[in-house]
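One structure is given below, encoded as structure tokens.
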Amino acid sequence: MTSTGTLCNLAGPEGRKKRVAYFYDPDVGNYYYGQGHPMKPHRIRMTHSLLMHYGLHTKLEIFKPFPARDKDMCRFHSDDYVEFLRTVTPENQHEQLRMLKRFNVGEDCPVFDGLYQFCQTYTGGSVGGAVKLNHGHSDIAINWAGGLHHAKKCEASGFCYVNDIVLAILELLKYHARVLYIDIDIHHGDGVEEAFYTTDRVMTVSFHKFGDYFPGTGDLRDTGYGKGKHYSLNVPLHDGIDDDSYLSLFKPLISKVMDVFQPGAVVLQCGADSLSGDRLGCFNLSVRGHSECVRFLRSFNVPLLLLGGGGYTIRNVARCWCYETGVAVGLELEDRMPFNDYYEYFGPDYTLHITPSNMENQNSRAYLDSVRTRLLENLSKLQHAPSVPFHARAPDTQLPDEEEEEADTRPDDREADGDAPAVLEGPAAVKEEGKTGSKAAAAAGTAGVGAAAAAAAGGGGGGGGVTGGGGTATTEGKKRPLPEVSGRPPASRPPVKAKVEASLKAEPASIPARPAAPADKQKEDLIRGSSLSNRLMTPGEATATTGGEKGGEKGSEKGAGSGLSRHASPYRQGNLAD
């Protein structure tokens, strides 16, 4: 089926043409968490195949991300945690039982083949998208492999190892005084909220299931701490919420946030486990209802970073993210699905949209009204568009060392001829840089996350052992997939406020100021398309589904988890057989 039969232009402001950067690594679908694990990176490959057969690649600038480096991840995560992720393997994990327990790596967040490369890939895509937005090269950036919102400073959680969202936001803060983070995953975005709980430069808004549900955080009364008071908005929801109920909260709340906070950029985590029929979810949203959130934010004409997240019925995840890619470029996709590499997954209807179930909506009108009223009252207490004091902007995240490839071998950024999108060229190989862990940073642990990230966001001094000076950066990546969601039950997780108070009492770690990059270097980076500019794929790479088993759900058992998780997670309840 040709693209001309599947694409229709949208009308109205949302149909306005925008420059969309799309980050994808062909190897991302090869990563395998293990037999029976609900997180399947193969869904990213399915999404890519579907949008390619819809012809969306002709409207996108497709980039293969540079892998994030150790020092980029250490802008938020502790050195020793990143070093552990870099060195642990399925073969040597049994020699590191103490470290596995310390960093919460086990059943929910297993050690599998290529774990660190997977983290580098999805993190690099998110940071690369942030760089594209910072330099004005794109209006919207998409990385469906990213959005792993549960990872903490020194701990894996809920299928997530590296928090690419926090790193992307820190990159955006180099150019934007305020950044808005919105999370429509069914699980609370606890890792991101905790990181920015004490700053007014980042507002976090999370719409999630609340109650006896992982991770157990995200109460309506959790609103921030110190300077960040009222800059964390939590929208707790009950089972069965449908499109109308969801949007009756989303649109008025986000409209008010955009008016009062006036962000310079927006990050939207599009977790698809809030869709009807998700393997681990209990909401009742349709693909159209879910994507209406994307369409609504697109209409504000503010730089927008779209990330993936949860989603465990993988055929519906592919449907949702393909359709939302169409929304991002301003096209309406036909419901009738074109033939694609995974066509049999979408039977028996072979349509793009799903029909919500008849499950009961346990969110009463009175409850929704009370939540909306309470949150709007909290927003009315905010200082209108908080100012940011002048300070030296941190240098952009740098590309890998040019020793790997001579500058004269790098082609200029340009669009390829024909329908296939252009691809930016980057170094062919990147050296892995080992990094020795800082014991002081490790001691601060998860408790230091809030103060540390807040200090980084504010461009000020240290706190909680964060590495790097004001504003922090991250790097775009090359290839390999990433994890999702945390693995500790609500009862064992201390309240966010308690963590923040503990971090404020801790002695701040000294953070050396980062030297500013030379002016000629900054100019050179800008010309190349940003410090983290990924290379655009060749037409052959962009259209290929590439390597790995087509039925990625049934990969080999090699690299399955060690079963050393310290807690049984609600994420793993139910029938999880492949």
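First check a/c for segment 21-90, with a ≥ b ≥ c the square roots of the eigenvalues of its C-alpha gyration tensor; if it is under 1.5, answer rounded, and if not, answer prolate when a/b is larger than b/c or oblate otherwise.
oblate
For segment 70-76, just list the computed ³J(HN,Hα) in residue order, Karplus coefficients 6.51, -1.76 and 1.60, θ = phi - 60°, integers in Hz, with x standing in for Gly and Pro.
3, 5, 6, 5, 6, 5, 10
Quote the accessible area belonging to CYS282 in square angstrom, nearest 10, computed with a 1.4 Å probe and with ligands, DNA and RNA left uncounted.
Counting only protein heavy atoms, the figure is 20 Å².
Are there trypsin sites (Lys or Arg not before Pro) in segment 177-228 that DSSP puts in a loop and that have at most 14 other Cβ atoms within 10 Å, and which ones?
Working: sites: ARG178, ARG201, LYS209, ARG221, LYS227; in loops: ARG178, ARG201, ARG221.
Passing sites in segment 177-228 are ARG221.
Order the following by accessible area, largest value first: SER370, SER276. Probe radius 1.4 Å; ligands, DNA and RNA are ignored.
Values: SER370 60, SER276 10 Å².
Accessible-area ranking of SER370, SER276, largest first: SER370, SER276.
Give me, ordered by chain and number, the residues 5 or more places off LEU305 or on other chains with an amide H under 5 Å from its own placed amide H.
Counting only residues 5 or more places away or on other chains, the set is ALA141, VAL266, VAL267, LEU268.
Amide H of ASP108: which non-local residues (sequence gap of 5 or more, or other chain) have their own amide H closer than 5 Å, using H built in the peptide plane?
Long-range HN contacts for ASP108: SER565.
Whose amide H sits under 5 Å from the amide H of PHE210, counting only residues 5 or more places off or on another chain, with H placed in the peptide plane?
Those qualifying (amide H under 5 Å, at least 5 residues apart or on another chain) are LEU237.
Using a 1.4 Å probe, how large is the accessible area of ILE314, given in Å² and rounded to the nearest 10?
Counting only protein heavy atoms, ILE314 exposes about 10 Å² to solvent.
Kindly flag which residue pairs out of LYS101/LYS152; LYS40/LYS71; LYS17/LYS64 have an alpha-carbon separation exceeding 18 Å in this structure.
Details: LYS101/LYS152 14 Å; LYS40/LYS71 27 Å; LYS17/LYS64 23 Å.
Correct reply: LYS40/LYS71; LYS17/LYS64.
Please get the size of the charge dipole for segment 64-180, origin at its Cα centre, with Cβ charges of +1 on Lys and Arg and -1 on Asp and Glu, quoted in debye to the nearest 20. Please list the in-between numbers first.
Details: 13 positive and 14 negative charges, 87 e Å.
The dipole of segment 64-180 has a size of about 420 debye.
Heads up, I need the accessible area for HIS57: 1.4 angstrom probe, whole protein in place, Å², nearest 10.
Rounded to the nearest 10, that gives 30 Å².
From the phi angles alone, apply the Karplus equation (6.51, -1.76, 1.60; θ = phi - 60°) to segment 312-326 and give each ³J(HN,Hα) in whole Hz, x where the residue is Gly or Pro.
Couplings: 10, 9, 5, 5, 6, 4, 4, 4, 5, 6, 5, 5, 6, 5, x Hz.
Which shape class, rounded, prolate or oblate, goes with segment 126-271 when its Cα gyration tensor gives a ≥ b ≥ c as root eigenvalues, a/c under 1.5 marks rounded, and past that a/b bigger than b/c marks prolate?
Details: a/c = 1.41, a/b = 1.26, b/c = 1.12.
Rounded is the answer for segment 126-271, as its axis ratio a/c remains below 1.5.
With a/c under 1.5 counting as rounded, go ahead and sort segment 309-389 into rounded, prolate or oblate using the C-alpha gyration tensor (a ≥ b ≥ c being the square roots of the eigenvalues; past the cut-off, prolate if a/b is larger than b/c, else oblate).
Numbers: a/c = 3.31, a/b = 1.75, b/c = 1.89.
Taking the square roots of the gyration eigenvalues as a ≥ b ≥ c, segment 309-389 is oblate.
Give me a comma-separated list of calculated 3J(HN,Hα) values for segment 207-220, in order, Karplus coefficients 6.51, -1.76, 1.60 applied at θ = phi - 60°, integers in Hz, x for any Gly or Pro.
9, 8, 6, 10, x, 7, 7, 4, x, x, 9, x, 5, 4
Could you let me know the centre-to-centre spacing of segment 246-260 and segment 74-136, using Cα atoms, in angstrom?
Result: 34 Å between the Cα centres.
The values are calculated or read from the model by the stated rules, or taken from the named source; none is laboratory data. Just so we're clear, the structure is a prediction, and the values are computed from it rather than from any experiment. A quick note on method: Cβ atoms are made from the backbone with ideal geometry, for glycine too, and the neighbour counts reach across all protein chains shown. Just the protein is used for accessible areas: all its heavy atoms, side chains included, with ligands, DNA and RNA removed. Shrake-Rupley method; radii C 1.70, N 1.55, O 1.52, S 1.80 Å.
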